[in-house]
Amino acid sequence: MTRRQHDVCRFLLSQHFGEQVSVVGKYLLQRSSSPLHLISSQTNIDHEQVKKILSILIQQNIVTFEQHKRGFIEYSIRTDEILSRLWFPKYIYCVKTLYGDAAELLLEEVLQRGQVQMSKVIEGVMLRFNEALETSGKQKISESFVVEKFTNLVKTHFLQRCLDPIKSESNKVIGLEVKGEEEALYTLPDFSRKRKKSHDDGPPAKRSKSEEERTADDEGDGIFWKVNPERFHNHFRDQAIVSAISSKIDKNAGEVLRTILRVSEVRTADMALVTTPISVTEIFNALPKDLMTRPLLETYLSLICDDSTKFLSRVGDSGGGMYAINMYEALTQLAKAHIESVVQERFGSKCLRIFRVLLLKKHLEQKQIEDFVMISAKEAKDLLYTLFSENFITTTEISKTPDHAPSRTFYLFTVNIQQVASMVLDRCYKALYNAMLKKETEVIEHRRLLDKQERMEAIAAAVEDATQREEVLMTITPSEQEQINKVRHTIQMLDQSELQICEGIFILETYLLYFKQRQRDKS
């Protein structure tokens, strides 16, 4: 993890949990793992306070723990869980789009609590939802409706069970693990059996401990649930691929690609470089009805296969043709598009032409670049040096003689896309940290004005008379209102910048993950 990522992690911890949690988080970020007494002594925070902080971070899935071979418990921090908090608004919007308002509230509750029992989250959502419906005069929702939404989120792996505790002989929790197969993480409790308050059960004191535990498990009270960030990221990855092909060809092509991704999703292993092949018949049957005829589908499949993006390829002839999506190639193309936009914004269109030519031709001499890009030798030299000094391109030396004399050496320019992606990713984290810091500074500097406007708006909302409401709002002077509008505009622009930077970070990080997976597969 880079220093820029550490900066973002510390800022997020400070924003979400406070300064003391940020201090403990900073210490754990610098260490791979550490015991409780060492965390307390090194951070100068009271032992009991560190316990509370670690409990909060464990509850939020940010800190994990395991037993050292000497017997004590070591705590380590999960940076991916901290950084995933950048995507919480997008997680909520995704679920709202797919499953509606009730699912949105369910996810909000789970994200807020980190780990939560199903019965508790359903109870909280029903209370919030029905209060809102009662205010608007609409009919209240039933518990079964909320349970159905929760079930959908679990079945589609957006929610998963928390890891089970590992206990020592003294019944002390010493770690976490997955019991059984991975699919056990998505197994719902048995709702058919409910706790019966009848004479057959007898008073609670007469029921055995094993019976109480079994009843609790049947109702889901003994199971804690959390959000599965990987599932959301896979969904965003697929959306990015679909959006890219939709903008390149049209919406129908995007729908074809979306269908292939959806059908192959359950059959393709995680981090697979190529999806499982799907036949034309399966694709046609899975497409929305009346979207297109089979001949038109085959035309679109051929069109996507022939496209320069190389997202889709035909891998067999059975079932009318077998097609698979090259995930690694698709993410490479998306990463290149993001890097190209950075090159254009920073260095201009001529540098972008050089960069694209090098991506296409792999290795070129300066004279060849001049001919392909059609610019003068002097200008090409200056632009190449600019890109080289900023590490967007590299050189390879091929010498005719063992002494590597410059006069007898070819200098070939090339682009190492993996190296450039890592560099741009680091700069994205730097830009993200600067944007978050600037937004916080703006809010702190103008806190008095912003608080005053909120108070006046709250008072005005409670006043029924229009004249009095206008008088309340007039307590903010025109100069103050102008300053408030300016601050709000700045904050809005910074929010938009953060969202755009996060999208770039997601594409580049996903590409680098697949690149590493490809290297492992080769070795």
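State whether one or more residues within region 202-217 are crowded, with 16+ Cβ neighbours inside 10 Å and either modelled with pLDDT under 90 or in contact with a Ser or Thr (Cβ under 8 Å, 6 or more places away or on another chain) (or both). Spell out how you get there, then give the answer.
Taking region 202-217 first, the residues crowded, with 16+ Cβ neighbours inside 10 Å are 215-216.
Subsequent filtering for residues that are either modelled with pLDDT under 90 or in contact with a Ser or Thr (Cβ under 8 Å, 6 or more places away or on another chain) (or both) retains 215-216.
Yes, there is a match, as at least one residue in region 202-217 is crowded, with 16+ Cβ neighbours inside 10 Å and either modelled with pLDDT under 90 or in contact with a Ser or Thr (Cβ under 8 Å, 6 or more places away or on another chain) (or both).
Among the listed residues 496, 492, 468, 453, identify the single one that is part of a helix (DSSP H, G or I) and in contact (Cβ under 8 Å) with a residue 12 or more places away in the chain. Write out each step before concluding.
Numbers: 496 fails: in contact (Cβ under 8 Å) with a residue 12 or more places away in the chain; 492 fails: in contact (Cβ under 8 Å) with a residue 12 or more places away in the chain; 468 fails: in contact (Cβ under 8 Å) with a residue 12 or more places away in the chain.
Of the residues listed, the single one that is part of a helix (DSSP H, G or I) and in contact (Cβ under 8 Å) with a residue 12 or more places away in the chain is 453.
Being within 19 Å of residue 57 (Cα to Cα) and not charged (D, E, K, R) is the filter; apply it to region 91-129 and report the residue that is most open to solvent (accessible area, probe 1.4 Å).
Restricting to residues being within 19 Å of residue 57 (Cα to Cα) and not charged (D, E, K, R), the top hit is 112.
Working carefully through the options 518, 469, 448, find the one that is basic (Lys, Arg), more than 29 Å from residue 4 (Cβ to Cβ) and surrounded by 13 or more Cβ atoms within 10 Å (Cβ to Cβ).
On the way: 518 fails: more than 29 Å from residue 4 (Cβ to Cβ); 448 fails: surrounded by 13 or more Cβ atoms within 10 Å (Cβ to Cβ).
Result: 469 is the single residue among 518, 469, 448 that is basic (Lys, Arg), more than 29 Å from residue 4 (Cβ to Cβ) and surrounded by 13 or more Cβ atoms within 10 Å (Cβ to Cβ).
Counting just the residues of region 359-379 that are among the aliphatic types (A, V, I, L, M) and under 27 Å from residue 308 (Cα atoms), which one comes out surrounded by the fewest Cβ atoms within 10 Å (Cβ to Cβ)? So that I can check it myself, show each step before the final result.
Our first condition is that a residue be among the aliphatic types (A, V, I, L, M); within region 359-379, this holds for 359-360, 364, 369, 373-375, 377.
Narrowing further to those that are under 27 Å from residue 308 (Cα atoms): 359-360, 364, 369, 373-375.
Working: 359: 15, 360: 11, 364: 19, 369: 22, 373: 20, 374: 9, 375: 17.
Applying the filter and picking the extreme gives 374.
Out of the residues in region 228-250 meeting the condition of being open to solvent by 30 Å² or more (accessible area, probe 1.4 Å) and under 12 Å from the mean Cα position of the chain (by Cα), tell me which one is farthest from residue 280 (Cα to Cα). Write out each step before concluding.
Here is the first cut: in region 228-250, the residues open to solvent by 30 Å² or more (accessible area, probe 1.4 Å) are 230-231, 233-235, 237, 239, 243, 246-250.
With the extra rule that they be under 12 Å from the mean Cα position of the chain (by Cα), the set shrinks to 230-231, 233-235, 237.
Details: 230: 29, 231: 26, 233: 27, 234: 24, 235: 23, 237: 23 Å.
Restricting to residues being open to solvent by 30 Å² or more (accessible area, probe 1.4 Å) and under 12 Å from the mean Cα position of the chain (by Cα), the top hit is 230.
So which helices (runs of 4 or more DSSP H) stay within region 14-75 end to end and still have 2 or more residues that are surrounded by fewer than 17 Cβ atoms within 10 Å (Cβ to Cβ), touching a strand residue (DSSP E or B) at 6+ places or on another chain (Cβ under 7 Å) and hydroxyl-bearing (Ser, Thr, Tyr)?
On the way: elements: 19-30, 36-43, 47-59.
No helices (runs of 4 or more DSSP H) qualify here.
What are the residues in region 473-502 that are farther than 17 Å from residue 447 by Cβ and open to solvent by less than 90 Å² (accessible area, probe 1.4 Å), if any?
Residues satisfying the conditions are 473, 475, 477, 479, 495, 496, 497, 498, 501, 502.
The values are calculated or read from the model by the stated rules, or taken from the named source; none is laboratory data. Everything numeric in this text was worked out from a predicted model, so none of it was measured. A quick note on method: Cβ atoms are made from the backbone with ideal geometry, for glycine too, and the neighbour counts reach across all protein chains shown. Protein only, heavy atoms only, side chains kept; ligands, DNA and RNA dropped before computing areas. Shrake-Rupley method; radii C 1.70, N 1.55, O 1.52, S 1.80 Å.
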